[in-house]
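What follows is a single structure, written as structure tokens, with notes after it.
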Amino acid sequence: MLPVTPSFRLDARRAFIAGASRGIGRAAAVALAEAGAEVVVSARSESELEELCAELTAAGRAARWAVLDVSDSAAVDRVFDEYGPFDVVVNSVGINRPVELVDLADADLHDMLNLNVTAAFYLARAAARSMIAAGAGGSIITISSQMGHVGSPRRTVYSATKHALEGLTKSLAWEVGSAGIRVNTVCPTFIETDLTKPMLDQPGFRDWVNSRNALGRVGTVEEVMGAVVFLASDASSLVTGSSLLLDAGWTAQ
């Protein structure tokens, strides 16, 4: 008897995506919806969320939105209470302010730690609590970065925050594994988004990025979508506490 390939479909499942108004988060929401999930998308911009849901609905997908500031722990808990439970939770929230550490302003340090780390813990905690209470398992996916595995000039704080997400993921996987909850990160290289555009537009920076990876180019949000669906679906049922590197070979050297 031939083995049966696990399904990549997400029909009858519910997914929550934080940071879904643009970039990788928006692409993740589209990918999960196309795989059959009912999605609840969140960000601070209601107009962008409304536009995304309108496009998904027009394409025959099930989508709702919730305006949310993920740095507000009480607000995060309220959203999970109101819209949950979820089978899949994706955190695609983050900022980067590239600067050498000796020139780093306290405000930039606090902002990056607050949004990249503290808010990630709020979301992971709310997701784990909700999934444990529901008793049906689930998948928690955090969009990290190749910088969670390496260092780079002008990225001391950003790299530190992404390393923190990798530690969160490894430990939480052990805490919730017995409840059937899997916890993983997706770690892309530089991707063409609104966040990276100012950096990639700097003279010589794109060439520097291209020279550091084996494929010699920057990635696109479409190249992250399949990884999110994989980690959300039964096809990755044995994957937890892991990092899925989409780094074009950056960390292989």
Mind checking which residues of segment 151-191 are surrounded by fewer than 20 Cβ atoms within 10 Å (Cβ to Cβ) and under 17 Å from Asp234 (Cα atoms)? Ala173, Gly177, Ser178, Ala179, Gly180
Looking at segment 66-82, I want the residues that are touching a residue at least 24 places away in the same chain (Cβ under 8 Å) and have a partner that is among the acidic types (Asp, Glu) and surrounded by fewer than 19 Cβ atoms within 10 Å (Cβ to Cβ) with Cβ atoms under 9 Å, at least 6 apart or on another chain. Which pairs are those? Ala66/Glu82; Val67/Glu46; Val76/Asp69
What's the number of the condition Ala20 fails, among (1) assigned to a loop (DSSP other than H, G, I, E, B); (2) in contact (Cβ under 8 Å) with a residue 40 or more places away in the chain; (3) surrounded by fewer than 24 Cβ atoms within 10 Å (Cβ to Cβ); (4) not β-branched (Val, Ile, Thr)? (3)
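Right, Asn96: under 17 Å from the mean Cα position of the chain (by Cα), assigned to a loop (DSSP other than H, G, I, E, B), under 20 Å from Ala28 (Cβ atoms) and of a type outside the set (Asp, Glu) or not? Quick ask: steps written out before the conclusion?
Details: under 17 Å from the mean Cα position of the chain (by Cα): yes; assigned to a loop (DSSP other than H, G, I, E, B): yes; under 20 Å from Ala28 (Cβ atoms): yes; of a type outside the set (Asp, Glu): yes.
Judged against the criteria, Asn96 is a match.
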Restricting the first residue to segment 137-153 and requiring it to be modelled with pLDDT under 95, which pairs with a second residue that is in a strand (DSSP E or B) meet a Cβ separation below 9 Å and a spacing of at least six or different chains? none
Could you please let me know if Asp11 is under 22 Å from Ser139 (Cβ atoms), among the acidic types (Asp, Glu) and touching a strand residue (DSSP E or B) at 6+ places or on another chain (Cβ under 9 Å)? no
I'd like the full set of residues that are in contact (Cβ under 8 Å) with a residue 60 or more places away in the chain and surrounded by fewer than 18 Cβ atoms within 10 Å (Cβ to Cβ), limited to segment 192-203. Asp194, Leu195, Met199
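Quick check: is even one residue across segment 95-114 touching a residue at least 60 places away in the same chain (Cβ under 8 Å), of a type outside the set (Lys, Arg) and closer than 19 Å to Gly19 by Cβ? Walk me through it before giving the result.
The first filter runs over segment 95-114 and keeps only residues touching a residue at least 60 places away in the same chain (Cβ under 8 Å), leaving 95-98.
Going one step further and asking which of them are of a type outside the set (Lys, Arg), we end up with 95-96, 98.
Retained after the next criterion (residues that are closer than 19 Å to Gly19 by Cβ): 95-96.
Yes, segment 95-114 has at least one match.
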Here is a check on your reading of the model: is Val99 surrounded by 19 or more Cβ atoms within 10 Å (Cβ to Cβ), under 24 Å from Lys197 (Cβ atoms) and not polar (S, T, N, Q)? no
Are any residues in segment 68-96 surrounded by fewer than 16 Cβ atoms within 10 Å (Cβ to Cβ) and β-branched (Val, Ile, Thr), and if so, which ones? Ile95
Which numbered condition Ala128 misses (of (1) crowded, with 18+ Cβ neighbours inside 10 Å; (2) touching a strand residue (DSSP E or B) at 6+ places or on another chain (Cβ under 6 Å); (3) closer than 24 Å to Glu82 by Cα): (2)
Just give me the residues in segment 204-229 being within 20 Å of Ile141 (Cβ to Cβ), among the hydrophobic types (A, V, I, L, M, F, W, C) and surrounded by fewer than 19 Cβ atoms within 10 Å (Cβ to Cβ), in sequence order. none
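The values are calculated or read from the model by the stated rules, or taken from the named source; none is laboratory data. Everything numeric here is computed off the predicted structure, so don't read it as measured data. As a convention, Cβ positions derive from the backbone with ideal geometry for all residues, glycine included, and neighbour counts pool all protein chains shown.
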